[in-house]
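Take a look at the structure below.
Every number here is computed from the coordinates shown, using simple stated rules; none is lab data. If you're wondering where the values come from, they're calculated on a predicted model, not measured in any experiment. Counting neighbours? That spans all protein chains shown, and the Cβs are built from the backbone with ideal geometry, glycine included.
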Number of protein chains: 4
Amino acid sequence: MQTLQQMLSSTPNALLADAKVLDQCIEACLECTAACTACADACLGEEGLDMLRRCIRLNEDCADTCEVVARVLTRQSRADLEFIRSLLDACRRISAACGAERLLHAAHHEHCRLCASLCQKCDVRCDEMARALTRAH
Amino acid sequence: MQTLQQMLSSTPNALLADAKVLDQCIEACLECTAACTACADACLGEEGLDMLRRCIRLNEDCADTCEVVARVLTRQSRADLEFIRSLLDACRRISAACGAERLLHAAHHEHCRLCASLCQKCDVRCDEMARALTRAH
Amino acid sequence: MQTLQQMLSSTPNALLADAKVLDQCIEACLECTAACTACADACLGEEGLDMLRRCIRLNEDCADTCEVVARVLTRQSRADLEFIRSLLDACRRISAACGAERLLHAAHHEHCRLCASLCQKCDVRCDEMARALTRAH
Amino acid sequence: MQTLQQMLSSTPNALLADAKVLDQCIEACLECTAACTACADACLGEEGLDMLRRCIRLNEDCADTCEVVARVLTRQSRADLEFIRSLLDACRRISAACGAERLLHAAHHEHCRLCASLCQKCDVRCDEMARALTRAH
C-alpha cells in the first residue's frame, strides 16, 4: 500500500528492516487475512459444506494470525526481535497448512484457488521478512 | 485489492451490496487500520509525546474498529443488516474523531497528516457502504 | 475478573464509569467472544451442519465485535464517548441477533444453548454500560 | 471460566488436550490481553510517559498475540498441531519479554506490577498447554 510506505518513511523510530520488505510483508498478511475470511464465508455457502470443515477452521486460524503479524510489523518502536521471529514462524506454518488444504479444493472452488495463492504469497513474504530481520540485526 | 474483488465474485453467497462499493470500503478500512497502528507507534517515538496521548488512544480504538468492519463486510453469507448499519455508524464516528484529532498535529507530524487523510477516506467509504446497503435491501 | 478490577483501580486516568459496571461489561464481552468462537467451532463438527450456516456467521461477527468492545472499554484515557455509545449499540444488536439464532438450535445443541445465554448476558451488560456512561457524563 | 469448560464439554469435536489445561490456558491468555491493554492505557496517563515507551509497545504486541492464542485454542476441530506449537512459542516469548519489561516499572506503577504477574502466568499456562499437546498427540 502506497500510504503505508509513506507512513513508514515518516516514523521517528528506526525501521525494523528495509521499508519495501516490511511493506510487502504487511500487505501480503492483510491480503491473506481478507482472503481467508472471504474463503471461509464462501465455503459456508457451498453445497458440499461437509467436505470444507477443515478449510473453514484453518482459514480462521490463518486470518487471525496474519492480522496480528500485520499489526506487529507495522510497529517499529522498540520491538522484541526474537518474538517477531517466532511469530513469523507461526504465520508461515499456518499459511502453508491453510494453502495446502485450499489446493485440495481448488479444482472445485475458485475462492479456494485464489486463497491458496495468497496463503503461499504470505508464506514467501514472511520468509523474506525473517531474512531481512537477520540481515538488519 | 484486486484479489478481494475476485474472491467476492467467486462466492456462492449473494453479495450484501455492489462489489465495487464493498471492496472499496473493506480496503479503506484495512488501510485505516494499518495507518492508525503505524501512527500510534510513530507517536510513541516522538519527543512531544505528552501532547499525543489522545492521538494514541483514538488511533487504537480506530484501528480495532476498522479491522472488525473489514472482517464483517468481507463475509457475505446471511448477515444481520441492522447490526452492520450500527457498526458502520460506530466506525464513522471513530474515524471522524480520530481524523479530527490527527489534524491538530498534522502540521508537526507527517504521519498524523497521512493518517488523518485515511481516516477521512474511511469515513466516506463507510457512508457510501451504508447507502449501498439501503439501496440493496 | 478480579485482576481487571485491580488494574482499573490503579490507572491514573479517570474511569469512564463505575468500576464494577465496567468490569462486568468487559468480562461479559470476553466470555461472549470465547463462547461464540467455541460455538462456531462446535457447529463445524455437527452432523446437521447445513442448518447451522447462519449460526456460524453470526457467531463470528459477534465474537469479533465483543472482542473490540472489551478492548475499547478497558481503555480509560481520553475516550470519545459518542463512539463508545455507538459501538455498544452495535454490540447489543449482534448479541441479540446471535442469541436469538442460537435459541433456534438450543434444543439440539447444548453449546448453542450456553452461547445464547452468554449473548443475552452480554446484551444486558452493554445496556447497563451505556446507562452508566450517560449517568457519568 | 466456568462456561468455557461447559462449552468445551459440549463440542462434538475431539478436544486438543485435557479440558482443564485448555480452559486454564485460554483464560490466562484472555486475562493477559485485558491486563496488557489496561496497562498500556494506564501508562499513557502517567507523568513519566517517556520512560514507558517500550512498555506500551510490548503491551500491544502481547495483547494482540494472547488474543489470537485464546481464539485458536478455543477451536477444537481439525487443528494443525505444529502451527499451534509455534504460536504458543511466540506467545511465551512475548509474555516473557513483556513481563520482564513490566518488572522494571513495578516499583513505581501498580498496574505494571499486576500486569507482570499476569504475563508470567500466561507464559506458564502456554508452557503447560504445549506439554499437554505433546502428551495428547
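Miscellaneous remarks
- All told, residue C:33 falls short of being out of contact with any strand residue (DSSP E or B) (no Cβ under 7 Å at 6 or more places or on another chain), surrounded by 24 or more Cβ atoms within 10 Å (Cβ to Cβ), within 7 Å of another protein chain (Cβ to nearest Cβ) and among the β-branched types (Val, Ile, Thr).
- Residue match in the stretch A:98-106 (condition: assigned to a helix (DSSP H, G or I), surrounded by 18 or more Cβ atoms within 10 Å (Cβ to Cβ) and under 14 Å from the mean Cα position of the chain (by Cα)): yes
- Where a residue in the stretch C:5-29 is acidic (Asp, Glu) and its partner, wherever it lies, is crowded, with 17+ Cβ neighbours inside 10 Å and not in a helix (DSSP H, G or I), with Cβ under 6 Å and at least six apart: C:27/C:1
- Residues in the stretch B:67-94 that are of a type in the set (Lys, Arg) and touching a residue at least 12 places away in the same chain (Cβ under 8 Å): B:78, B:85, B:92.
- When residues of the stretch A:54-85 are limited to those that are among the polar types (S, T, N, Q) and within 14 Å of the chain's Cα centre (by Cα), the one surrounded by the most Cβ atoms within 10 Å (Cβ to Cβ): A:65
- Top-ranked residue of the stretch B:2-30 - restricted to ones that are hydrophobic (A, V, I, L, M, F, W, C) and surrounded by fewer than 19 Cβ atoms within 10 Å (Cβ to Cβ), ranked as nearest to the other protein chains (Cβ to nearest Cβ): B:14
- The stretch B:107-137: number of residues that are assigned to a helix (DSSP H, G or I) and under 23 Å from residue A:8 (Cα atoms): 14
- Restricting the stretch B:36-53 to residues that are acidic (Asp, Glu) and in a helix (DSSP H, G or I), the residue that is farthest from the other protein chains (Cβ to nearest Cβ) is B:50.
- Verdict on residue A:116 being within 17 Å of the chain's Cα centre (by Cα), hydrophobic (A, V, I, L, M, F, W, C) and closer than 24 Å to residue B:68 by Cα: yes
- Enumeration of residues in the stretch A:30-47 that are free of Cβ contacts under 8 Å to residues at least 40 places away in the same chain and closer than 22 Å to residue A:74 by Cβ: A:33, A:34, A:37
- Only residues that are within 14 Å of chain C (Cβ to nearest Cβ), in contact (Cβ under 8 Å) with a residue 24 or more places away in the chain and not polar (S, T, N, Q) were counted across the stretch D:100-124, and they come to 12.
- Test for residue C:50: is it among the acidic types (Asp, Glu), without any contact (Cβ under 8 Å) to a residue 12 or more places away in the chain and crowded, with 21+ Cβ neighbours inside 10 Å: no
- Qualifying residue in the stretch A:54-62 (condition: within 8 Å of chain B (Cβ to nearest Cβ) and either touching a Leu at 6+ places or on another chain (Cβ under 8 Å) or more than 17 Å from residue D:83 (Cα to Cα) (or both)): no
- Matching option when the condition is more than 7 Å from chain D (Cβ to nearest Cβ), over 20 Å from residue B:73 (Cα atoms) and of a type in the set (Lys, Arg), among C:78, C:93: C:78
- Where residue D:119 falls short, out of the listed (1) within 27 Å of residue A:55 (Cα to Cα); (2) touching a Cys at 6+ places or on another chain (Cβ under 6 Å): (1)
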